[in-house]
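Scroll down for the structure; my scribbles are underneath it.
The values are calculated or read from the model by the stated rules, or taken from the named source; none is laboratory data. This is a predicted model, so every value here is computed, not measured. Please note: Cβ atoms are built from the backbone with ideal geometry, for glycine as well, and neighbour counts cover all protein chains shown. Note: accessible area is taken over every heavy atom of the protein model, side chains too, but ligands, DNA and RNA are not part of it. Shrake-Rupley method; radii C 1.70, N 1.55, O 1.52, S 1.80 Å.
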Amino acid sequence: MTAAGTPLLEVKGLKKYFPIRAGVLRRVTGWVRAVDGVSFSVRTRGESLGVVGESGCGKSTLARTVLRLLEPTEGSILFEGRDLTSLGGEALRRMRRHMQMVFQDPYWSLDPRLRVLDIVAEPLRAHMSMTRRQLRQHVEELCSLVGLPSDFLNRYPHEMSGGQRQRVGIARALALNPALLILDEPTSSLDVSVQAQVLNLLSDLQGKLGLSYLLISHDIAVVEHMCDRVGVMYLGVLVETGPVDRVLGRPLHPYTRALIGAVPVPDPRRRTMGAPLEGDVPDPSSPPPGCRFWPRCPQAREECRREVPVLRFLEPDHEVACHLV
Ligand code: SF4
């Protein structure tokens, strides 16, 4: 909890639906329920929460909605007790200083026409009043913090490797000294050899700056390495949440077990956790009734097709949404 005893970030019942339009008049004929009632919190400064799940389960939409890059359909997003959904204009802009995002693909998230100096200085120019000299000095410090030498300041994104571009993205995200970074698959577009370097950098920065992370990833190993707590997401909802060692070490939900079972690791315990997943994530515009996982769940029974399982505590701080557990 923060000094005031409130969580740093508290998300309650968050929904993000996208309209499906058809016909000449583009009438709304349905909704894609990308995020469908998600609640979680990042309790303290320095805590890392991971959200893990397959592609298409709504993780990235969740990340963008938390930052209000997408407007939520329903729910609240409390940052240090203040509801972001009720803010607009200048008040929202000021709050965003405290929550910044690192995007999946650094090539597309950096303006190709700008040099590193201008990319990293962009948020500083928008939010702070600094002389050119102060700006340059601050950008040099940020670049040094993420391991980029000062001669990179004059480079354009296409003159750098993927790992170097992601370091620029991290430096830009840190420019306003945020309390929380939302990391949306920060290493998935990088070569395997570079992924570990960027993850280690993020770990070091967390230790140095006391940052909190909301880490979105499809990679269980990344979440296990980086996070204190984890939420497992399937088709727009969380199905299991709790401390990483409990959820990934002793998973209770059949989906979590299957996700872990699909990871090719030489740990014999994990091989027996669950059969690998078959089939794809269903269409979020028409999720299955009852438990959304039942068409793929090897343990599904009749009630799973009728009744929606709700998250409930099975042990302190460990919630699972499954009729069977
Ligand atoms: Fe499987 Fe039923 Fe549990 Fe859903 S509620 S995960 S279908 S056992």
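Some points to look at:
- Heavy-atom accessible surface of residue 33, to the nearest 10 Å², is about 80 Å², with a 1.4 Å probe and all protein chains retained.
- Between residue 125 and residue 71, the simple label model (points 7 Å from Cα in the Cβ direction) yields a spacing of 2.9 nm.
- Extreme residue, positive dipole direction of the chain, given options 297, 86, 101 (C-beta unit charges): 86
- Taking every C-alpha pair closer than 8 Å and separated by at least 6 residues, the mean separation divided by the residue count of the chain gives a relative contact order of 20 percent.
- Values of log10 I(q)/I(0) for the range 150-217 across q = 0.17, 0.18, 0.28 Å⁻¹ run -0.64, -0.71, -1.39, by the Debye formula with one identical scatterer at each alpha carbon and no solvent.
- Per residue, in Å², the accessible surface of the range 74-118 once ligands and nucleic acids are set aside, probe 1.4 Å: 53
- For the range 121-275: accessible area per residue (Å², 1.4 Å): 42
- Only Lys, Arg, Asp and Glu carry charge here, each on its Cβ (+1 for the first two, -1 for the last two); on that basis the chain has a dipole of about 740 debye about its Cα centre.
- Where N is the number of residues in the range 181-224, Cα Rg divided by 2.2 N^0.38 Å: 1.10
- By accessible area with a 1.4 Å probe, ligands and nucleic acids excluded, highest first: order of 21, 132, 27: 132, 27, 21
- Net charge, residue 278 excluded, C-beta distance under 14 Å - Lys, Arg +1, Asp, Glu -1: 0
- Legend: residues 240, 90, sorted from most to least accessible area (1.4 Å probe; ligands, DNA and RNA excluded), read 90, 240.
- Net charge of Cβ neighbours under 11 Å - reference residue 169; Lys, Arg +1; Asp, Glu -1: +1
- Only alpha carbons enter this Debye calculation for the range 171-249, each as an equal point scatterer, and the log10 of I(q)/I(0) it gives at q = 0.13, 0.19, 0.23, 0.24 Å⁻¹ is -0.43, -0.89, -1.21, -1.27.
- Backbone phi angles across the range 47-58, fed through the Karplus curve with coefficients 6.51, -1.76 and 1.60 (θ = phi - 60°), yield HN-Hα couplings of 7, 10, 10, x, 10, 10, x, 5, 4, x, 8, x Hz in residue order; Gly and Pro are listed as x.
- Sulfur and carbon atoms: percent of accessible area, the chain [1.4 Å]: 50
- Of the residues 280, 317, ranked by 1.4 Å probe accessible area with the largest first, the sequence reads 280, 317.
- Summarising the amide proton neighbourhood of residue 16: residues at separation of 5 or more, or on other chains, whose placed amide H is nearer than 5 Å comprise 34, 35, 36, 37, 73.
- The chain - mean residue ellipticity at 222 nm from DSSP helices (-39,500 (n - 2.57) per run, n ≥ 4, rounded to 500): -9500 deg cm²/dmol
- Projected area averaged over orientations for the chain, convex hull of C-alpha atoms, nm²: 19.0
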